[in-house]
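Q: Take this structure, written in structure tokens, and hold onto it; I'll ask about it next.
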Amino acid sequence: MYPALSIVFFTTASGAGLALLLVLGLGAPLGLLPQSQSFGFVALAIAVLLTAGGLVSSVFHLGRPERAWRAFSQWRSSWLSREGVFSVLTFVPASIFSIGWVFFGTTDGFVGLCGILAAALAAATIYCTGMIYASLRPIHQWHNPWVVPNYFVLGLMSGFIVLDFLVRLWDLHAPGLALIVLVLLLAAWQLKTAYWRYIDTTSAPSTVRSATSLGSRGRVRMLESPHTEENYLLKEMGFKIARKHRMRLRRIARLAAFAVPAVLTLLSLIFGGVIGAIAAGLAVASAALGVVVERWLFFAEAKHTVMLYYGAEAV
Amino acid sequence: MTSLPEARPGQKKLGLVIDLDICVGCHACATACKEWNASGHMGPLPDFNPYGNDAWGLWFNRVHSFEEGEGEGARTIHFPKSCLHCEEPACVTVCPTGASYKRAEDGIVLVNESICIGCKLCSWACPYGAREFDADEGVMKKCTLCIDRIYNEHLSPEDRQPACVMVCPVSARHFGDLNDPRSEVSEMVVQRGGGDLMPELGYKPVNKYLPPRAHRMAPIASAAGIAPAPPDDAPPSGDRLLRWVDRLLSR
């Protein structure tokens, strides 16, 4: 599948932003996070900007962006519509929670309740994002049980890494935060590895034989394409990435998204103070790069059954 | 509404039956489709950079060619493909705006271009590649089963058929109601053992493909290069006239 940068950016940015909102909305009312108003302001602003920035970026992917509002109507059947509805709904309690925390310095009572509600809606939005891909039967690399957990844990991982950096920047006391980051990094590494193993060792139930209903006389192969030039289907669904490059990009993703942030988080845990804050900041940068590469690969490695009509024997 | 219409008994299921045995791969169906639909219900069908390098454009029907088997036992099969108007079209249910819909009265899958946002998700959800994006208008387009022909009272009744069916010089394409077991197309599917494309995905395509007939072919050479014994109903060898009569009768 063609990795459109607007969607790669959307899913990574909104994933991190929503996860950050989830952690803030849940952590602050339960007293697990520092209550500083300036910290609350910056942390919530980053969460909202990442989420909204991603959503705006996704609108640029549309052929008719001015009609984007219509996407809220079909939540009964469409995961994309549900994602849109939940992402906008999230902003309602998130706004009340933010105003309460930043301007009135409270995260208890009704404000806290709104925080918890925002966290639940943010989680639902991330789940919908994963389901958009996981529900597409023609794409084996997406239609599998590893996709939703990966979206969820990679989002949480990104959100927690940003939070850890902010907490260190404010030099606040948040015990156990770095440990949670390390646990999430390990979990994300494991899940991504399991996903890659799954797509490497299995292939789609559909083959060129089932796609053409031919094969009674032996191997089926394409003789002639319908046309000599490209078409929309080949541009959108026919993206190919060489095995050599795939493997190199996977190594980059592993290193930048999981290994380097883990080492930096350990450093920040050991040293603390200024060095700790710098290390945590570098962890954010590295994870951002790594997750973008990972998400780019998620598209680039996905193969669509339509390619069975254009020379592929399996997808 | 992108939820599927409720199934009702006796509801029409309009679709195509495509005979892979006799398609000669002339691409007339693809051309006639382009010609009619360029100014039809879902027109225009733009071409981009048509006279330069990297020309590309929208087609609702394309003819692929495949080869099956090896050596003398191999054969070429021309394979026209357009929207299969599935009974379980995920292209409809994934649509976030309600632009994609399946008609309750005849099962035709259509796009309402005036509310399509061009998110392309429907084209990802279609396993068959039936949907194509119009980069000029920023909306998705697809085969309409020539809805502007089949119900067109300005055309004489015999012309109320999809353009691809009308034009086929060898009658490899047939149009009809696949829900009616007594329709010509349904009987054809039963007689010839017509089948679905990618049935394992559960989209339940309405269009059916009739397999190439076996008896026209040279027998498949075995691994040792020796042809297996001909089956009992194989055409008589020797007399050419007899062989011809046999072919004629076993159609």
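Q: Would you list the P(r) distribution for segment B:57-132, with all Cα-Cα distances sorted into 10 Å bins from 0 and each bin expressed as a whole %?
A: 17, 41, 23, 13, 6, 0
Q: Using a 10 Å cut-off around each Cβ of peptide B:132-144, what is the average number of partner chain Cβ atoms that fall inside?
A: If you average over the peptide's residues, the count of other-chain Cβ atoms is 2.
Q: Determine Rg/Rh for segment A:203-262; Rg is computed over alpha-carbon atoms and Rh is the Kirkwood hydrodynamic estimate from the same atoms.
A: Rg/Rh: 1.18.
Q: Would you please calculate the Kirkwood hydrodynamic radius of segment A:140-217 over all C-alpha pairs and express it in Å, rounded to one decimal?
A: Evaluated on segment A:140-217, it is 15.3 Å.
Q: Only loop residues by DSSP count here, and only those with at most 16 other Cβ atoms within 10 Å; note down the GluC sites (Glu not before Pro) in segment B:136-191 that meet that.
A: B:Glu137, B:Glu153
Q: Continuing with the same structure: What number, rounded to the nearest 500 deg cm²/dmol, is the helix-based mean residue ellipticity at 222 nm of chain A, given -39500 (n - 2.57) per DSSP H run of at least four residues and division by all its residues?
A: Roughly -22500 deg cm²/dmol at 222 nm, from the helical runs in chain A.
Q: Calculate the spin-label point distance for A:Leu186 paired with B:Leu155, positioning each point 7 Å from the Cα along the beta-carbon direction, and give it in nanometres.
A: Computed distance between label sites B:Leu155 and A:Leu186 equals 6.7 nm.
Q: Next question, about the same structure. With the radius of gyration and the Kirkwood radius both derived from the Cα set of chain B, what is their ratio Rg to Rh?
A: Rounded to two decimals, Rg/Rh equals 1.02.
Q: Further question: Identify the chymotrypsin sites (Phe, Trp or Tyr not before Pro) of segment B:91-177 meeting these criteria: DSSP loop state and at most 16 other C-beta atoms within 10 Å of the C-beta.
A: B:Tyr151
Q: Taking the square root of 5 times each eigenvalue of the Cα gyration tensor, what semi-axes in Å does the equivalent ellipsoid of segment A:1-59 have, largest first?
A: In descending order the semi-axes read 28, 11, 6 Å.
Q: Can you order the peptides A:284-296, A:149-161 by their average number of other Cβ atoms within 10 Å per residue, highest first?
A: A:149-161, A:284-296
Q: On alpha carbon coordinates alone, what is the Rg over Rh value for segment A:49-145, Rh being the Kirkwood radius?
A: Rg divided by Rh gives 1.06.
Q: Please compute, for peptide B:113-119, the average count of beta-carbon atoms on other protein chains lying within 10 Å of each residue's beta-carbon.
A: Mean number of neighbouring Cβ atoms from other chains: 6.
Q: Which distance in Å, rounded to a whole number, links the C-alpha centroids of segment B:118-153 and segment A:8-32?
A: 38 Å
Q: Taking N as the number of residues in segment B:105-204, what value does Rg over Cα atoms divided by 2.2 N^0.38 Å take?
A: Against the compact-globule rule of thumb, the ratio is 1.26.
Q: About the Cα centre, and with charges only on the beta carbon of Lys, Arg (+1) and Asp, Glu (-1), how big is the dipole of segment A:171-277? Nearest 20 debye, please.
A: Value, rounded to 20: 660 debye.
Q: With only alpha-carbon pairs counted, each pair once and no self-pairs, how large is the Kirkwood hydrodynamic radius of segment B:122-176 in angstroms?
A: Evaluated over segment B:122-176, this radius sits at 13.2 Å.
Q: Let me ask another. Can you tell me what percent of all Cα-Cα pairs in segment A:111-174 are more than 19 Å apart?
A: Taking all Cα-Cα pairs of segment A:111-174, the fraction more than 19 Å apart is 50 percent.
Q: A:Leu5 to A:Ala242: FRET efficiency via 1/(1 + (r/R0)^6), r the Cβ-Cβ distance, R0 22 Å, to the nearest 0.05?
A: The value I calculate is 0.65.
Q: For segment A:79-201, I need the span (max minus min coordinate) of the C-alpha atoms along each principal axis, in Å, sorted largest to smallest.
A: For segment A:79-201, the Cα spread along each principal axis is 53, 34, 18 Å.
Q: With each label point set 7 Å from Cα along the Cα-Cβ vector, what nm distance links B:Glu6 and B:Asn53?
A: Label at B:Glu6, label at B:Asn53, 5.8 nm between them.
Q: Here is a follow-up. Decide, for segment A:265-315, between rounded, prolate and oblate: order the square roots of the alpha carbon gyration tensor eigenvalues as a ≥ b ≥ c, take rounded if a/c falls under 1.5, and otherwise choose prolate if a/b is larger than b/c, else oblate.
A: Cα axes put segment A:265-315 in the prolate bin.
Q: Sticking with this one: Please compare each pair in A:Lys240/A:Lys303; A:Lys240/B:Lys208; B:Lys13/B:Lys81 to a cut-off of 20 Å on the Cα-Cα distance and tell me which ones are over it.
A: Over 20 Å apart, Cα to Cα: A:Lys240/B:Lys208.
Q: About the Cα centre of chain B, how large is the charge dipole given +1 on each Lys and Arg Cβ and -1 on each Asp and Glu Cβ? Please answer in debye to the nearest 20.
A: 200 debye
Q: With the calculation restricted to Cα positions, what are the radius of gyration and Dmax of segment B:9-137 in angstrom?
A: Using the Cα atoms of segment B:9-137, the pair Rg, Dmax is 16.8, 53 Å.
Q: If you don't mind, there's one more thing I want to ask. Mind grabbing the base-10 log of I(q)/I(0) for chain A at q = 0.10, 0.15, 0.16 Å⁻¹? Debye formula, identical points on the C-alpha positions, no solvent, two decimal places.
A: Evaluating at q = 0.10, 0.15, 0.16 Å⁻¹ gives log10 I(q)/I(0) of -0.61, -1.19, -1.31.
Q: If you project the alpha carbons of the protein assembly as shown onto their three principal axes, what span does each projection cover, largest first, in Å?
A: Sorted from largest, the Cα extents of the protein assembly as shown read 98, 61, 49 Å.
Q: Further question on the same structure: Once the dipole of segment A:158-222 is set up with Lys and Arg at +1 and Asp and Glu at -1 on Cβ about the Cα centre, which of A:Trp170, A:Leu184, A:Thr207 lies farthest towards its positive end?
A: Projecting each Cα onto the dipole axis, the largest value belongs to A:Thr207.
Q: Sorted by average packing, counted as other Cβ atoms within 10 angstrom per residue and highest first, what order do A:244-251, B:42-49 take?
A: B:42-49, A:244-251
Q: If the viscosity is 0.890 mPa s and the temperature 25 °C, what Stokes-Einstein diffusion coefficient in µm²/s follows for segment A:219-315 when Rh is the Kirkwood radius over Cα pairs?
A: Estimated diffusion coefficient is 152 µm²/s.
Just so you know, all these numbers are worked out from the coordinates, no wet-lab data involved. All of these numbers come straight from a predicted model, not from anything done at the bench. Using ideal geometry, Cβ is built from the backbone for each residue, glycine included, and neighbour counts are taken over all protein chains shown.
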